[in-house]
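Here's the structure, in structure tokens; my notes come after.
The values are calculated or read from the model by the stated rules, or taken from the named source; none is laboratory data. Computed from a predicted structure; not experimentally measured. Here Cβ is always computed from backbone atoms with ideal geometry, including for glycine, and neighbour counts include all displayed protein chains.
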Amino acid sequence: MRLADAPVSAIAFWRLSLSLLLVLPLLGVSGDWREVRRLTRPEWLWVGVAGGALALHFVSWFLSLEYTSVASSTVLVTAHPLYVGLLSALWLREPPSAKEWLAIVVATAGAFWIGWGDFQLGREAFIGDLLAALAALCAALYFIAGRRLRGGLGLWSYVAPVYLLAALLTGASMLVRDVPATGYSTETWMLLAAMALGPMLLGHTSFNWALRHVRAYVVSLVVLLEPVGATVLAVVVLGSGERPTVNTVIGGLAILFGMALLVREQARRSASARSLPEGG
């Protein structure tokens, strides 16, 4: 994102559009396109929620990187488990257990600690944090919609219409803001292709696959590992200016601790489920 020499909406549009070059053929080859034709009106509504949330998630997150550090932005944008936990209880009837709530609260507290530290750094950093927080809320809606739909849909019949809608919305944003779709350097096109292949196809598509098998807040918490790798890469690639602050380190440790609590609770649940007698 930082290295690509293109406006935010163009980066979001091409990340989605280039990934569709592989997703749409897979939709046809797998035969999942038949499921798209059978989608009901309520299911299309959830597709709309997922696609709209994904588009706004990308634009607000990418924009946050223009105001705050990679470490703060990625930590805050992945601090969506609290939203997902609440929405899972309200919409999916999958409330977290007491220990899972503890993990969510600890991890989210770490994210707020980072935000408070950036607030003290100045107005621009705080604006970036608010944009990242908005992106986190959008990510929560995206995960909830995916969990709602993936139970009855194949992977490609879900991600194809969602990615397509998100691409159309970010494309519309480009038109409204008169952002050029082409004319970028070769390096930027290579970076856009890398974002489509890596974070989009391997990252988001893997999350969408997992939503059929585990609860939305579990997938949401796993994403909290992302800031660790992003911070290290930012320091190595972008330089010492991206070194995390003390607040970011403390908040990041709290997030990792919350993640460890969740993994432990999930392992306990799995062991309990395996120990139950058949039909128990």
Please find, within region 230-252, the residue that is farthest from the chain's Cα centre (by Cα) out of those that are under 15 Å from Trp113 (Cβ atoms) and among the hydrophobic types (A, V, I, L, M, F, W, C).
Val246
Members of region 166-201 found to be surrounded by fewer than 19 Cβ atoms within 10 Å (Cβ to Cβ) and under 20 Å from His80 (Cβ atoms), listed by number
Pro199
Some residue of region 78-90 being farther than 24 Å from Leu256 by Cβ and either in a helix (DSSP H, G or I) or without any contact (Cβ under 8 Å) to a residue 60 or more places away in the chain (or both)
yes
Any residue at all in region 41-64 that's surrounded by 15 or more Cβ atoms within 10 Å (Cβ to Cβ), assigned to a helix (DSSP H, G or I), more than 20 Å from the chain's Cα centre (by Cα) and modelled with pLDDT of 75 or more?
yes
Can you name the residue in region 12-40 that is among the β-branched types (Val, Ile, Thr) and in a helix (DSSP H, G or I) and, of all such residues, is surrounded by the fewest Cβ atoms within 10 Å (Cβ to Cβ)?
Val29
Scanning region 182-213 for residues that are within 30 Å of Gly152 (Cβ to Cβ) and without any contact (Cβ under 8 Å) to a residue 40 or more places away in the chain, the one nearest to the chain's Cα centre (by Cα) turns out to be Gly203
For region 122-135, indicate whether the set of residues that are free of Cβ contacts under 8 Å to residues at least 40 places away in the same chain and at positive phi is non-empty.
yes
